[in-house]
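Asker: The following block contains the structure, expressed as C-alpha cells.
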Amino acid sequence: MDLGLTPEQRMVRDTVRNFSDRVLSRYAEDMDRSPDFPFEAIGRIAEVGLMGLTIPREYGGAGNDAVSYALAIEELSRVSAVAGVIVAVHNSVSAYPIVKFGTEEQKRALLPAMADGRAIGAFALTEPDAGSDAGGVRTTAVRDGDGWTLNGTKIFITNGSVSENVIVVARTASEGGSNDLTTFILRKGTPGFGYGTLEKKMGITGSDTSELIMEDARVPDSMRLGGVGDGFKIAMVSLDGGRIGIAAQAIGIARAALEGSIRYSMEREQFGRPISSFQAIQWTIADMATRIEAARHMTLHAAQLKDAGARHSLEASMAKLYASETATWATIKAVQVHGGYGYTKDYPVERFMRDAKVTEIYEGTSEVQRLVIARELLKGA
Ligand code: COS
C-alpha cells in the first residue's frame, strides 16, 4: 500500500528495505545475542546516510522529512529492532532538538559529525525519581561564570555510553516545577561526566542502555540548548517526534512477526495440509495485517502533521500507543502460530516478542500515552 507517498518517500522506503534485507540482516542475530554496541552494523547504516536521515542538507544530512524517517525506521526495525532504536533515538531526540532549538554555532559544531555517524547522540531525561513524571527531574545545573555545573544521575539512557552528544534535561532553579528545567548538550569526555550501570535487558540486547553520572560536570553556556527554563517544552516537543519513531519501530517488529507467520504457516503441515489452510491461522494473520496497516496509517499521519509544522502530540501518542500494543500482541500471536518452534531459538519470533515489549515502555509508557491523549481531548471540551 503506498499511502499517497511521494516518489522520494517511496525511494527512501525501498532503499532502506533493500539495505536491511541485504546488509543489516547479517548482523541482526548477533545484535540480539551480544550486549556489545554494534559499531560495525551502525557503521554500515551510516555509510548509507541513515544517521543523518533527518538532519538538514546544509549540515551534512540527507534532509528527509518525518514521513520518510518513519518509513526508514519501520524497514530497519523489521530486520533489527536494535538498529531501529539506535537510529531513531539518534535522529529524533538527539539531532532533532539541536536542529530545532540549537544556535547556528551549535548546529555547525555538532550536526555534521552526527550526520555521518561519527558522533552518536542520546537524550537524557529519565532519573531514579523522574521519567513518566518529566517535571520531576532532580539533576541540577548551577550557573558558574561562563558555564554551568551539572550534578545528578540519569538512567535507562539509550545510546548513553556510546554517545558523543547527550541532550541532558536539568533543573536550573531550586524550586520544583517544569518551568525550571533547561536542556544542555553534554559532550563525551567532559570531566565529571561518566557512565554507571549498563542495563541487561529482555530484548533489544545490542542497544546500549546506560546510567549517566554527572559529578560537577561543567558545560559551557554555549552548549545550553534553548533558553533557561525552556527544558520541559524542548523535551516534550522532542518526545512528540520520538514517539513517531518508536511507533515505526513497533510496526517494523510486528511486520516481521506477520511475514514470519505467513511463511511458516504455509510450510508447516498438520492433519495432512498446511496450517495456513485452517481458519484459526487465517484469522490471526488477517487481524495482524489489519492492525499493522492501521498503526502505519496513524504513524504516517502524525509524521505528516510534523512535516506540516503542526502540533502532533495527540496523534503521535495515539500512534505510539496503538503501534506498540499491536507489536506486543502480534508477536505473541506469531509465537503461537509457530507452536513449539516459536518458543525455540530456531525461529526469530521469540526475539520479536522480546523486542516488542519495550515499545510499550520507552519514550513514554502506554499509560503516559493514554494520559497525554485524554488531556488533549479534554482540554478543549
Ligand atoms: N509540546 C509543547 N508543549 C508542551 C507539550 C508538547 N508536547 N507538552 C506539554 N507542553 C507544555 C504545556 O502546554 C505547558 O505549557 P504552559 O506552562 O505554557 O501552559 C507545559 O508544557 C507543562 O505541561 P503540563 O502541565 O502538561 O506538564 P505535566 O508535568 O503535567 O506533564 C506529562 C505531564 C505526563 C504529560 C509529561 O510529564 C510527560 O509527557 N511525561 C512522559 C515523559 C516521557 O515520555 N518519559 C519517558 C522517558 S524519556 S525517553
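The values are calculated or read from the model by the stated rules, or taken from the named source; none is laboratory data. If you're wondering where the values come from, they're calculated on a predicted model, not measured in any experiment. Don't worry about glycine lacking a Cβ; one is built from the backbone with ideal geometry, like all the others, and counts go over all protein chains shown. Side chains are part of the model used for accessible areas, which takes the heavy atoms of the whole protein and leaves out ligands, DNA and RNA. Shrake-Rupley method; radii C 1.70, N 1.55, O 1.52, S 1.80 Å.
Asker: Can you tell me how many residues within the range 305-349 are over 30 Å from SER238 (Cβ atoms) and hydrophobic (A, V, I, L, M, F, W, C)? Can you show your working first?
Answerer: We begin by selecting, within the range 305-349, every residue over 30 Å from SER238 (Cβ atoms); these are 332-349.
Now narrow it down to the ones that are hydrophobic (A, V, I, L, M, F, W, C): 332, 334-335, 337, 349.
So the count comes out to 5.
Asker: Let me ask something additional. For the range 337-381, which residues satisfy the criterion of being among the basic types (Lys, Arg) and either within 16 Å of the ligand (Cβ to nearest atom) or assigned to a helix (DSSP H, G or I) (or both)?
Answerer: ARG351, ARG354, LYS357, ARG370, ARG375, LYS379
Asker: Follow-up question, since we're still on this one. Would you say GLY196 is surrounded by 20 or more Cβ atoms within 10 Å (Cβ to Cβ) and either of a type in the set (Val, Ile, Thr) or within 29 Å of SER80 (Cα to Cα) (or both)?
Answerer: no
Asker: Moving on. Hey, among the residues in the range 118-135 that are in contact with a Gly (Cβ under 8 Å, 6 or more places away or on another chain) and open to solvent by less than 20 Å² (accessible area, probe 1.4 Å), which one's farthest from PRO38 (Cα to Cα)?
Answerer: GLY135
Asker: Okay, next question. Does ARG296 satisfy the criteria of being over 19 Å from SER68 (Cα atoms), away from the ligand (no atom under 12 Å from the Cβ) and more than 15 Å from the chain's Cα centre (by Cα)?
Answerer: no
Asker: Here is a further query. Can you go through GLU104, GLU74, GLU40, GLU47 and tell me which one is over 30 Å from ALA28 (Cβ atoms) and either modelled with pLDDT of 95 or more or more than 16 Å from the ligand (Cβ to nearest atom) (or both)?
Answerer: After applying the criteria, what remains is GLU104.
Asker: Among the listed residues ALA248, ALA217, which satisfies the condition of being touching a residue at least 12 places away in the same chain (Cβ under 8 Å), within 16 Å of the ligand (Cβ to nearest atom) and crowded, with 20+ Cβ neighbours inside 10 Å?
Answerer: On the way: ALA217 fails: within 16 Å of the ligand (Cβ to nearest atom).
None of the other options fit; the residue is ALA248.
Asker: What do you reckon, is ASP216 of a type in the set (Asp, Glu) and farther than 16 Å from LYS154 by Cα?
Answerer: Considered against the rule, which asks whether it is of a type in the set (Asp, Glu) and farther than 16 Å from LYS154 by Cα, ASP216 comes out as no.
Asker: What are the pairs, 6+ residues apart or on separate chains, where a residue within the range 190-208 that is under 16 Å from ASP36 (Cβ atoms) has its Cβ under 6 Å from a residue that is assigned to a loop (DSSP other than H, G, I, E, B) and open to solvent by less than 20 Å² (accessible area, probe 1.4 Å)?
Answerer: Once the first residue is under 16 Å from ASP36 (Cβ atoms) and sits in the range 190-208, its partners that are assigned to a loop (DSSP other than H, G, I, E, B) and open to solvent by less than 20 Å² (accessible area, probe 1.4 Å) give GLY206/PRO38; ASP208/ASN159.
Asker: Going through the range 72-117 one residue at a time, which ones are of a type in the set (A, V, I, L, M, F, W, C), open to solvent by less than 10 Å² (accessible area, probe 1.4 Å) and more than 23 Å from GLN249 (Cα to Cα)?
Answerer: LEU110, LEU111 - these are the residues of the range 72-117 that are of a type in the set (A, V, I, L, M, F, W, C), open to solvent by less than 10 Å² (accessible area, probe 1.4 Å) and more than 23 Å from GLN249 (Cα to Cα).
Asker: Right, something else. Does any residue of the range 258-267 turn out to be without any contact (Cβ under 8 Å) to a residue 60 or more places away in the chain, away from the ligand (no atom under 16 Å from the Cβ), part of a helix (DSSP H, G or I) and aromatic (Phe, Trp, Tyr)?
Answerer: So far as the range 258-267 goes, no, none of its residues is without any contact (Cβ under 8 Å) to a residue 60 or more places away in the chain, away from the ligand (no atom under 16 Å from the Cβ), part of a helix (DSSP H, G or I) and aromatic (Phe, Trp, Tyr).
Asker: Scanning the range 220-245 for residues that are within 16 Å of the ligand (Cβ to nearest atom) and charged (D, E, K, R), which turns out most open to solvent (accessible area, probe 1.4 Å)? I'd like the intermediate steps shown before the answer.
Answerer: Within the range 220-245, the subset within 16 Å of the ligand (Cβ to nearest atom) is 225-245.
Among the residues that remain, those that are also charged (D, E, K, R) are: 230, 233, 240, 243.
Numbers: ASP230: 72, LYS233: 147, ASP240: 16, ARG243: 14 Å².
Looking at the filtered set, the residue picked out is LYS233.
Asker: Just to verify a result, which residue in the range 20-71, among those that are acidic (Asp, Glu) and in a helix (DSSP H, G or I), is least open to solvent (accessible area, probe 1.4 Å)?
Answerer: Our first condition is that a residue be acidic (Asp, Glu); within the range 20-71, this holds for 21, 29-30, 32, 36, 40, 47, 58, 65.
Add one more test, that the residue is in a helix (DSSP H, G or I), and what stays is 21, 29-30, 32, 40, 47, 58.
Values: ASP21: 77, GLU29: 95, ASP30: 89, ASP32: 27, GLU40: 126, GLU47: 137, GLU58: 125 Å².
Only one residue fits best here, namely ASP32.
Asker: Residue by residue through the range 301-314, note down the ones that are within 25 Å of ALA286 (Cα to Cα) and within 15 Å of the ligand (Cβ to nearest atom).
Answerer: ALA302
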